[in-house]
Amino acid sequence: MMIAEEKQFSMFPEASKTDIERARVQLSEYTKMMRVLVGFESNPPNTEINMLRKNEWSRICPLIQRAVDLIIEYDVREVTEYRFIKGNSRASTILRFSGLGYCEKTIDRKIYEGIKSVANSLLYLD
C-alpha cells in the first residue's frame, strides 16, 4: 500500500496522452509562432485577436525553449532542437542524423522522446 501512495507524490508530473499531443502541436508550430512574434515587433498587432495571440505566444515560446533545454539526453535534445526549434522537416532531420548512424525508426523514437520530455516539463513550467 505504501508504494501506491509514493507514486501519487512524484516530484515530476507525468504527461498524459493529451498533454503529449498538445506539446507536439506546440513544437510543430514553434517556428511559425516565433516568426509571427518577430513580425509583431515591427508591425504591432491592430486587432484584439492578434493582440491575444501575441500575448499567448509570447508566453508559450519561451516555455517551449526552456522545456527543450531541459531534455537530459543529449542526442534526444539535439534531434528535438533540429526538428522543432530550428524548424526542419522530418525528412531533413532523418538525413541529418542518419549520418551519425541512426536509422529512421531511431530518429522517430528520439523525436517522440523529445516531445514527451517537453510535455512533462511544460506541466511544471507553466
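With respect to the conditions (1) open to solvent by 70 Å² or more (accessible area, probe 1.4 Å); (2) in contact with a helix residue (DSSP H, G or I) (Cβ under 8 Å, 6 or more places away or on another chain); (3) modelled with pLDDT of 95 or more, VAL76 falls short on a single one, namely (1). Looking across region 47-70, the residues that are outside any loop (DSSP other than H, G, I, E, B), within 19 Å of ARG35 (Cβ to Cβ) and free of Cβ contacts under 8 Å to residues at least 12 places away in the same chain come down to ILE49, ASN50, MET51, LEU52, ASN55, GLU56, ARG59, PRO62.
Scanning region 66-118 for residues that are under 12 Å from the mean Cα position of the chain (by Cα) and at positive phi yields a single hit, GLY87.
Being touching a residue at least 24 places away in the same chain (Cβ under 8 Å), open to solvent by less than 40 Å² (accessible area, probe 1.4 Å) and among the polar types (S, T, N, Q) narrows it down to one residue among SER92, SER117; which is it?
SER117
For the condition open to solvent by 50 Å² or more (accessible area, probe 1.4 Å) and either at pLDDT below 90 or farther than 21 Å from GLU113 by Cβ (or both), ASN50 does not qualify. Looking across region 95-108, the residues that are touching a Phe, Trp or Tyr at 6+ places or on another chain (Cβ under 9 Å) and either modelled with pLDDT of 95 or more or open to solvent by less than 70 Å² (accessible area, probe 1.4 Å) (or both) come down to PHE97, THR106, ILE107. Kindly indicate whether TYR30 is surrounded by 13 or more Cβ atoms within 10 Å (Cβ to Cβ) and either without any contact (Cβ under 8 Å) to a residue 12 or more places away in the chain or not in a helix (DSSP H, G or I) (or both). Answer is no for this residue. Within region 12-27, the set of residues being open to solvent by 50 Å² or more (accessible area, probe 1.4 Å), hydrophobic (A, V, I, L, M, F, W, C) and either in a loop (DSSP other than H, G, I, E, B) or touching a residue at least 60 places away in the same chain (Cβ under 8 Å) (or both) comprises PHE12 only.
The values are calculated or read from the model by the stated rules, or taken from the named source; none is laboratory data. Please read these numbers as outputs of a predicted model, since none were measured by experiment. Ideal geometry is used to build each Cβ from the backbone, glycine not excepted, and the neighbour counts take in all protein chains shown. Just the protein is used for accessible areas: all its heavy atoms, side chains included, with ligands, DNA and RNA removed. Shrake-Rupley method; radii C 1.70, N 1.55, O 1.52, S 1.80 Å.
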